[in-house]
Ligand code: SF4
């Protein structure tokens, strides 16, 4: 929740303001430069000229979580890495979004059964907005994920907390790290 | 030198410390007792007839049926090329096998003989639980001194590639068991 959200009633002015803010937000989703495994190769591909995610305003990969809006968790999250992922998430400013890219981050993927070291889904660590399936997802799939995220942002409102109702559940289910 | 000749040489030098050998495979190997291994290693590196100047790999095996853990050291003797662009020349190679009982798996470290052993031994400790004594990168754990882990976090419980390893139930609050309730790998 950013400073401005959840402070207004729904109304004409808020609705128009919503439209303007959401328009700005959804066409400037800056992802974080952050790849954990093989999926990151496809994430790099969408930044390059062939798939060119800059067309959708999401091409400015930031090297710092403090400048990023979207964390694309691209790859296998191990238990050792989970605390780092959580810390990076906590360092991002609101509004922030998490995309679970690939089978590994959705539910353990190929390591579901015999992977002693793999978190069985990154949603056990941070709250996830968009799941992009595949092993690895093709760059088109990832772009589709970004488009769906834009749809999600389009329906946000300043009068509503993004986590309304879900927040307590999310906080209860995500462990905190020092 | 052929592996048979190297074994004969070792038998002459170290006698009863050389235990068993196997030559009719693609991977000829000689067994060495753990307590003599650093001296044997030093001999293998420094003697002009053997001259094993490169440790290629350390492999750890879990022989659950024999109740032993085993470390295999792949050694190569290589010669620098005469001219710059030529590849390194392989003179000969052999594999040394050091077996230790499963309940007290201690092998003296050879990281001071071949620097390559440093990380390999840390990995063998991390995943198989073979304790390499006097390793240069050691730390004090609940069960005494052991090499520092290299892949798993320092507070990890158990050694994941052992055949009787139990999967963790949770790690720092993250549930770890799959919904099938599976807690051990299927072999
Ligand atoms: S989902 Fe597949 S491609 Fe992606 S990180 Fe996992 S194993 Fe690699």
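With respect to residue B:163, is the statement that it is under 21 Å from the mean Cα position of the chain (by Cα), at pLDDT below 90 and away from chain A (no Cβ under 11 Å) true? Taking the combined requirement at face value, the residue satisfies it.
Restricting attention to region A:129-141, the residues that are away from the ligand (no atom under 11 Å from the Cβ), touching a strand residue (DSSP E or B) at 6+ places or on another chain (Cβ under 8 Å) and not in a loop (DSSP other than H, G, I, E, B) add up to 3. Of the residues in region B:127-148, not one is within 14 Å of chain A (Cβ to nearest Cβ), assigned to a loop (DSSP other than H, G, I, E, B), modelled with pLDDT under 90 and loosely packed, with under 14 Cβ neighbours inside 10 Å. None of B:75, B:69 is in contact with a strand residue (DSSP E or B) (Cβ under 8 Å, 6 or more places away or on another chain) and more than 22 Å from residue B:161 (Cα to Cα) except B:75.
Cβ-Cβ distances below 9 Å connect the following pairs, each with a first residue in region A:55-80 that is on the phi > 0 side of the Ramachandran plot, a second residue that is within 16 Å of the ligand (Cβ to nearest atom) and part of a strand (DSSP E or B), and a separation of six or more residues or different chains: A:75/A:35; A:75/A:101. Scanning region A:114-123 for residues that are facing chain B (nearest Cβ under 7 Å), crowded, with 20+ Cβ neighbours inside 10 Å and out of contact with any helix residue (DSSP H, G or I) (no Cβ under 7 Å at 6 or more places or on another chain) yields one hit, A:116. For region B:48-69, the set of residues classified as in contact with a helix residue (DSSP H, G or I) (Cβ under 9 Å, 6 or more places away or on another chain) and modelled with pLDDT of 90 or more consists of B:52, B:53, B:55, B:57, B:58, B:59, B:60, B:61, B:62, B:69, listed by residue number. Scanning region A:83-113 for residues that are within 10 Å of chain B (Cβ to nearest Cβ) and more than 15 Å from the ligand (Cβ to nearest atom) gives A:83, A:86. Only a single item in (1) under 19 Å from residue B:132 (Cβ atoms); (2) not in a strand (DSSP E or B) is not met by residue B:87, and it is number (1). With respect to the conditions (1) within 14 Å of chain B (Cβ to nearest Cβ); (2) within 11 Å of the ligand (Cβ to nearest atom), residue A:126 lacks only one, and its number is (2).
Of the residues making up region A:63-72, one or more are surrounded by 16 or more Cβ atoms within 10 Å (Cβ to Cβ) and within 16 Å of the ligand (Cβ to nearest atom). For region A:40-62, a tally of residues being more than 15 Å from the ligand (Cβ to nearest atom), part of a helix (DSSP H, G or I) and touching a helix residue (DSSP H, G or I) at 6+ places or on another chain (Cβ under 7 Å) returns 3. Check whether at least one residue in region A:142-151 is modelled with pLDDT of 85 or more, within 14 Å of another protein chain (Cβ to nearest Cβ) and part of a helix (DSSP H, G or I), and report yes or no. The answer is no; no qualifying residue exists.
Only a single criterion out of (1) without any contact (Cβ under 8 Å) to a residue 60 or more places away in the chain; (2) within 13 Å of the ligand (Cβ to nearest atom); (3) more than 14 Å from the chain's Cα centre (by Cα) is not satisfied by residue A:35, namely (3). Within region B:23-58, the set of residues being under 13 Å from the mean Cα position of the chain (by Cα), buried (at least 20 other Cβ atoms within 10 Å of the Cβ) and assigned to a helix (DSSP H, G or I) comprises B:37, B:41.
The values are calculated or read from the model by the stated rules, or taken from the named source; none is laboratory data. Since we're looking at a predicted model, the values are computed, not measured. Reconstructed Cβ throughout: ideal geometry from the backbone, glycine too, with neighbour counts over all protein chains shown.
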